[in-house]
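Undergrad: Next up is a structure, given as C-alpha cells.
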C-alpha cells in the first residue's frame with residue numbers, strides 16, 4: 001500500500017527532475033510548443049517547467065491516464081498551481097484510475113494550505129465531492145463524518161484568511177450538496193467566526209444562506225431580497241435578536257445592519273418594527289438644529305427608510321440630508337438620490 | 001499632458017517663491033512668511049473629507065478594523081498633498097504620469113521573466129490589460145496588430161475558443177481577453193483569426209441547462225462565464241441556436257444560447273443587494289460588473305436590470321463600496337479599498353444610470369412577462385447627478401494608485417506593486433469617472449423579443465463629465481471606453497460591423 005501511495009503521491013517524476021533520459025518516459029515523444037516570433041507576454045520558462053509541460057501535452061493528447069500522469073501533474077502543479085488545464089487533466093486521471101477520493105483530498109489539503117489565493121484547487125475539490133458524494137449519500141453517518149472532516153479543513157484555511165472568497169464559495173456549495181443547513185455544527189462554526197470578528201461579512205453572508213436557503217424552511221427560487229412566507233416566524237425572531245445583539249457590539253458595522261435589514265425583508269416584517277432599536281444610535285435629530293449625535297450611519301440610513309415607510313417624509317428627508325451633509329459625505333450623491341426617491345414615493 | 005498648467009498650479013514652495021517671475025505682485029506674500037510657509041494647506045483645495053478619518057468609528061477592535069485603520073493610515077500621506085517630492089495641482093492631486101505608465105505597459109507585453117510562470121495560463125489577459133490601458137492613455141496600439149494576431153493564433157484550439165497559451169484548454173476568460181485584444185488592434189486580418197463556427201460550437205458545449213455557462217469544459221459555472229459569453233457572442237455576431245450536443249439543447253427548440261442567462265444572473269443577487277460569483281455566495285464587486293454588463297447586452301438596461309434585479313438594494317450596495325477618506329471602492333462589505341474596483345464597481349454606475357435615466361422602460365412592463373422577476377412596482381427617479389463621488393474616486397486613483405517610482409504602472413493601494421491588471425482596471429475606473437454616458441431610449445416598437453442580443457444595438461453617447469469640481473488637469477482625462485465591452489467604442493463598432501456583414505460562418 002505504501003509503495004502504491006508513492007507511485008501515486010509524492011513519488012516525483014524523472015531522474016533528478018529531468019524526464020528525458022528516464023526510462024519510465026522513454027515511450028513518450030514530448031510536444032514542444034514553439035512560440036511565434038512576435039509572441040506577446042511570452043514567459044521565459046525554467047527548463048524543468050518547459051520539459052514537464054512538453055510531456056504533459058503528449059500524454060494529454062494520447063489521453064493517457066496512469067499513475068505516472070498523476071505524478072506528472074503533481075510535479076507541474078508544484079511549479080505552477082494556477083494552471084487550469086493541468087488540474088482538469090489531473091481530475092480526469094483520478095476518476096479514470098478510480099483512485100480513493102479521500103486520498104486525493106488529503107493530498108489536496110496539503111497543496112491548498114500553501115496556495116491560499118488559488119482558484120483551481122477549489123474547483124478540483126468540487127469535482128472530487130461531486131464524484132464522492134453519491135457513494136456515501138445514503139449513509140448519514142458517512143455524510144456526517146465527511147462534513148466534519150471538511151469543516152476541520154475549512155477552519156484551517158479560514159484561519160489563514162478569514163474572508164477568502166473561494167473558501168466561502170466552496171463552503172456554501174458543500175452545505176447545499178451535503179444538506180448541512182440545519183446542522184448545528186455548521187451554524188456554531190459560523191457563529192464562532194462572527195464572534196471572533198463581528199465585521200467578517202463573509203461569515204454573515206454564509207449565515208444568511210444557511211438560515212434562509214434551508215430547503216425545509218424556505219421557498220426555493222425566492223430572490224434573496226424578497227419576503228419568503230415559508231420561513232418560520234421563530235427563525236426570523238431568532239435572527240433579528242442575533243443581529244441586534246451583534247450590532248450593539250459595534251454599531252457602525254455595516255455587516256450587522258445589512259443582515260438585520262435582510263432578515264426583516266425575508267420575514268416580511270415592517271422595517272418600523274426595529275425603529276426603537278435603530279433610534280437608539282441617533283440622538284437629537286431635529287430639523288434646523290444640526291447638532292444630532294450619530295453612533296451609526298447605518299442606523300440613520302435605516303431610520304430614513306422607516307420614516308418613509310411610516311409616511312413621515314419630512315423626517316426621512318432630514319435623515320438623508322444629514323447623512324449627505326455631515327455623517328457620510330462621500331455618498332452624498334446617493335443620499336440625494338434617495339431624497340428624490342422620497343418625492344416619487346419609490 | 002499639459003505640464004505647463006500643472007506647474008502653474010503647483011503649491012508655492014520656497015524655490016518657486018524665489019523665482020523672479022512677477023516680483024512686484026508677490027511682495028505681500030514674500031513678506032508674510034507665516035502665511036506663506038505656515039499655511040500651506042489652505043493653498044491646496046483638499047476637502048477635509050479626504051484628509052481625516054470618518055466621523056463615526058466604533059471603539060471595538062477586530063481584525064477587520066485593524067486592516068481598515070492600517071489602510072487609511074497608508075493612504076492619508078498620499079491624499080494630503082504634503083509630499084515635497086510630488087507636484088500637485090491646486091486641488092492637491094498629482095498629474096497622471098502617462099509616460100511611465102505607458103512604458104510599464106509596453107514592458108508587460110514583452111518577454112516576461114521566469115517568475116511569471118504562475119501567469120502561464122493567463123497570458124491573454126496581459127494582452128487585453130496592456131492594450132486596453134494603452135488605448136485609454138492615447139497610445140496607438142495598432143503597432144501590436146501582427147503580434148496580437150500571431151499570439152492569438154497560437155492559443156486558438158480546433159475545438160473552438162482560446163486557451164491561456166498554446167495547447168491549453170479553451171477558457172471563457174482567455175477567449176474574452178483574446179477577442180477584445182483582436183478588436184483593440186482591429187483590422188480584417190485580426191478579426192479573421194477567430195474561427196467563429198468553432199467558437200459557436202464550443203460556447204454551446206459550455207451552456208448549461210440552468211442558463212449559465214461553464215468557464216471551460218468540465219470547469220466551474222459562474223457569472224464570469226455569463227458575461228464573457230455574452231460579450232463574445234455579441235461582438236462576433238454568433239448565431240444563438242444551440243447544437244444538439246449542447247447540455248442545454250432542447251428538442252422542441254425552445255432553448256438558445258441566451259435562454260435563462262438573465263435568470264442565472266438574478267440568482268446571484270444576494271440579500272445585501274450586490275452580486276455574487278455563483279448563487280448563494282457573498283456579494284462581490286467584480287461580479288456586480290459581470291452581472292450588469294451581461295444584462296446590458298441582453299436588453300436595454302432599463303428593462304433587463306430593472307426586471308431581474310432589486311435595483312434600490314443594488315444601488316445601496318454599490319454606493320456603500322466607496323469609503324472616505326480613501327475615496328476608492330472596496331469589493332465587499334467590510335473589505336479594503338482596491339484600485340481595481342474603480343472599474344468593477346465604478347464601471348457599474350454608467351449601467352445603473354442607463355437603467356434609471358431612461359424615460360421608457362424604467363419600472364414599466366416592457367420586460368418579458370413570462371420570466372420570474374423581482375419587478376419594482378414604483379418608478380425610481382433618474383440619477384441626474386452622480387450617484388458616487390467622482391472626486392473621491394479620482395483622488396484615490398491619482399494620489400494613491402500611481403506607482404511614483406521609475407517603475408510606473410498602477411496599483412491596488414499604497415504599499416502594493418503595480419501590475420498590468422491594476423493598470424487596466426484603475427484606468428478604466430478613471431475613464432468612467434471622467435466621462436458621462438447616455439444610452440438611447442429603448443425601442444418600444446420592437447418588443448423585448450426583437451431586442452435580444454444581436455438584434456438590438458443601442459447607441460451609447462459619451463461626453464466629458466463637467467459637473468462639480470474638477471480635481472484633475474484637463475490633460476489627464478483619459479479616453480472613454482464602452483461601458484459594457486470595456487474597450488473604445490469605435491473598436492466595438494468596427495468589429496460588430498465587420499461580422500454583421502457576414503453571411504453565416506464564411
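Undergrad: Just for helices (runs of 4 or more DSSP H) wholly inside segment A:67-133: which have at least 1 residues that are closer than 30 Å to residue A:47 by Cβ, at the interface with another protein chain (Cβ under 9 Å from one of its Cβ atoms) and out of contact with any strand residue (DSSP E or B) (no Cβ under 9 Å at 6 or more places or on another chain)? It would help to see each step written out before you state the result.
TA: On the way: elements: A:67-79, A:84-96, A:101-114.
Answer list for segment A:67-133: A:67-79, A:84-96.
Undergrad: Can you say whether residue B:111 is surrounded by fewer than 19 Cβ atoms within 10 Å (Cβ to Cβ), in contact with a helix residue (DSSP H, G or I) (Cβ under 8 Å, 6 or more places away or on another chain) and within 8 Å of chain A (Cβ to nearest Cβ), as far as the supplied structure shows?
TA: On the way: surrounded by fewer than 19 Cβ atoms within 10 Å (Cβ to Cβ): yes; in contact with a helix residue (DSSP H, G or I) (Cβ under 8 Å, 6 or more places away or on another chain): no; within 8 Å of chain A (Cβ to nearest Cβ): yes.
So residue B:111 fails the test.
Undergrad: Among the listed residues A:64, A:37, identify the single one that is modelled with pLDDT of 95 or more and away from chain B (no Cβ under 14 Å). Give the derivation first.
TA: Working: A:37 fails: away from chain B (no Cβ under 14 Å).
Going through A:64, A:37 in turn, just one is modelled with pLDDT of 95 or more and away from chain B (no Cβ under 14 Å): A:64.
Undergrad: Ok, one more. Given the options B:178, B:102, B:149, name the one that is more than 27 Å from residue B:236 (Cα to Cα) and outside any loop (DSSP other than H, G, I, E, B). Let's see the steps before the verdict.
TA: Numbers: B:178 fails: more than 27 Å from residue B:236 (Cα to Cα); B:149 fails: more than 27 Å from residue B:236 (Cα to Cα).
After applying the criteria, what remains is B:102.
Undergrad: Still on this structure: Considering only segment A:299-310, how many residues are surrounded by fewer than 20 Cβ atoms within 10 Å (Cβ to Cβ) and either within 11 Å of another protein chain (Cβ to nearest Cβ) or under 27 Å from residue B:352 (Cα atoms) (or both)? Give the derivation first.
TA: Restricting attention to segment A:299-310, the residues satisfying the condition of being surrounded by fewer than 20 Cβ atoms within 10 Å (Cβ to Cβ) are A:309-310.
Subset that is either within 11 Å of another protein chain (Cβ to nearest Cβ) or under 27 Å from residue B:352 (Cα atoms) (or both): A:309.
Number satisfying all stated conditions: 1.
Undergrad: Related question: Across segment B:310-336, which residue is nearest to the other protein chains (Cβ to nearest Cβ) among those that are part of a helix (DSSP H, G or I) and touching a strand residue (DSSP E or B) at 6+ places or on another chain (Cβ under 8 Å)? Before the answer, list the steps.
TA: To start, the set of residues in segment B:310-336 that are part of a helix (DSSP H, G or I) comprises B:311-320.
With the extra rule that they be touching a strand residue (DSSP E or B) at 6+ places or on another chain (Cβ under 8 Å), the set shrinks to B:313-314.
Working: B:313: 5, B:314: 9 Å.
Among residues in segment B:310-336 that are part of a helix (DSSP H, G or I) and touching a strand residue (DSSP E or B) at 6+ places or on another chain (Cβ under 8 Å), the one nearest to the other protein chains (Cβ to nearest Cβ) is B:313.
Undergrad: Kindly indicate the residue of segment A:311-335 that is under 21 Å from residue B:381 (Cβ atoms) and out of contact with any helix residue (DSSP H, G or I) (no Cβ under 6 Å at 6 or more places or on another chain) and also surrounded by the fewest Cβ atoms within 10 Å (Cβ to Cβ) among those meeting that condition.
TA: Residue satisfying both the conditions and the ranking: A:311.
Undergrad: Given the criteria within 19 Å of residue B:415 (Cβ to Cβ) and part of a helix (DSSP H, G or I), does residue B:72 qualify?
TA: Details: within 19 Å of residue B:415 (Cβ to Cβ): yes; part of a helix (DSSP H, G or I): yes.
Yes: the conditions hold for residue B:72.
Undergrad: May I pose another question? Out of B:359, B:386, report the one residue that is within 19 Å of residue A:341 (Cα to Cα), in contact with a strand residue (DSSP E or B) (Cβ under 9 Å, 6 or more places away or on another chain) and modelled with pLDDT of 50 or more. Step through it out loud before you land on a result.
TA: Details: B:359 fails: in contact with a strand residue (DSSP E or B) (Cβ under 9 Å, 6 or more places away or on another chain).
Step by step, each of B:359, B:386 is checked, and only B:386 is within 19 Å of residue A:341 (Cα to Cα), in contact with a strand residue (DSSP E or B) (Cβ under 9 Å, 6 or more places away or on another chain) and modelled with pLDDT of 50 or more.
Undergrad: Identify, from the list B:149, B:178, the residue that is surrounded by fewer than 22 Cβ atoms within 10 Å (Cβ to Cβ) and either touching a helix residue (DSSP H, G or I) at 6+ places or on another chain (Cβ under 8 Å) or within 12 Å of another protein chain (Cβ to nearest Cβ) (or both). Show your work before the answer.
TA: Values: B:178 fails: surrounded by fewer than 22 Cβ atoms within 10 Å (Cβ to Cβ).
Checking each option against the conditions leaves just B:149.
Undergrad: Taking only segment A:232-265 into account, find how many residues are over 23 Å from the mean Cα position of the chain (by Cα) and away from every other protein chain (no Cβ under 12 Å).
TA: Qualifying residue count, segment A:232-265: 11.
Undergrad: Could you check, for segment A:47-60, whether at least one of its residues is without any contact (Cβ under 8 Å) to a residue 24 or more places away in the chain, within 14 Å of chain B (Cβ to nearest Cβ) and under 27 Å from residue A:99 (Cα atoms)? Break it down into steps so the answer makes sense when it comes.
TA: In the first step, residues of segment A:47-60 are kept if they are without any contact (Cβ under 8 Å) to a residue 24 or more places away in the chain; the result is A:47, A:50, A:53.
Still in the list and also within 14 Å of chain B (Cβ to nearest Cβ): A:47, A:50, A:53.
Those left that are additionally under 27 Å from residue A:99 (Cα atoms): A:53.
Yes, segment A:47-60 contains a residue that is without any contact (Cβ under 8 Å) to a residue 24 or more places away in the chain, within 14 Å of chain B (Cβ to nearest Cβ) and under 27 Å from residue A:99 (Cα atoms).
Undergrad: Sort through A:152, A:196 and tell me the only one that's within 14 Å of chain B (Cβ to nearest Cβ), farther than 25 Å from residue A:269 by Cβ and at pLDDT 95 or above.
TA: Among A:152, A:196, only A:196 is within 14 Å of chain B (Cβ to nearest Cβ), farther than 25 Å from residue A:269 by Cβ and at pLDDT 95 or above.
Undergrad: Could you check segment A:287-298 and list, in sequence order, the residues that are in contact with a helix residue (DSSP H, G or I) (Cβ under 8 Å, 6 or more places away or on another chain) and either away from chain B (no Cβ under 11 Å) or outside any loop (DSSP other than H, G, I, E, B) (or both)? Outline the logic, then answer.
TA: Here is the first cut: in segment A:287-298, the ones in contact with a helix residue (DSSP H, G or I) (Cβ under 8 Å, 6 or more places away or on another chain) are A:287, A:290, A:292, A:294, A:296-298.
Within segment A:287-298, A:287, A:290, A:292, A:294, A:297, A:298 meet the criteria.
Undergrad: Same structure again: Can you pull out every residue in segment B:72-108 that is within 14 Å of chain A (Cβ to nearest Cβ) and over 19 Å from residue B:417 (Cβ atoms)? Steps first, please.
TA: Quick first cut of segment B:72-108, residues within 14 Å of chain A (Cβ to nearest Cβ) only: B:72, B:75, B:79, B:104-108.
Those that are within 14 Å of chain A (Cβ to nearest Cβ) and over 19 Å from residue B:417 (Cβ atoms): B:72, B:79.
Undergrad: If you take the residues in segment B:234-284 that are part of a helix (DSSP H, G or I) and more than 12 Å from every other protein chain (Cβ to nearest Cβ), which one is surrounded by the most Cβ atoms within 10 Å (Cβ to Cβ)? Before you say what the answer is, go through the steps one by one.
TA: Taking segment B:234-284 as the starting set, the residues that turn out to be part of a helix (DSSP H, G or I) are B:234-236, B:261-267.
Now drop any that are not more than 12 Å from every other protein chain (Cβ to nearest Cβ), which leaves B:234-236, B:261-262, B:264.
Numbers: B:234: 21, B:235: 24, B:236: 22, B:261: 29, B:262: 25, B:264: 24.
Result: B:261.
Undergrad: As an exercise: evaluate residue B:194 against (1) within 14 Å of chain A (Cβ to nearest Cβ); (2) touching a strand residue (DSSP E or B) at 6+ places or on another chain (Cβ under 9 Å); (3) within 27 Å of residue B:119 (Cα to Cα) and give the number of the one condition it does not meet.
TA: Status for residue B:194: all satisfied but (1).
Undergrad: Could you check how many residues of segment B:52-71 are more than 10 Å from every other protein chain (Cβ to nearest Cβ) and surrounded by fewer than 17 Cβ atoms within 10 Å (Cβ to Cβ)? First the steps, then the outcome.
TA: Filtering segment B:52-71 for residues more than 10 Å from every other protein chain (Cβ to nearest Cβ) gives B:52-53, B:69-71.
Then drop every residue that is not surrounded by fewer than 17 Cβ atoms within 10 Å (Cβ to Cβ), which leaves B:52-53, B:69-70.
The number of residues fulfilling the criteria is 4.
The values are calculated or read from the model by the stated rules, or taken from the named source; none is laboratory data. The structure presented is a predicted model; accordingly, all values stated were derived computationally and were not measured. Virtual Cβ from ideal backbone geometry, glycine too; neighbours counted across all protein chains shown.
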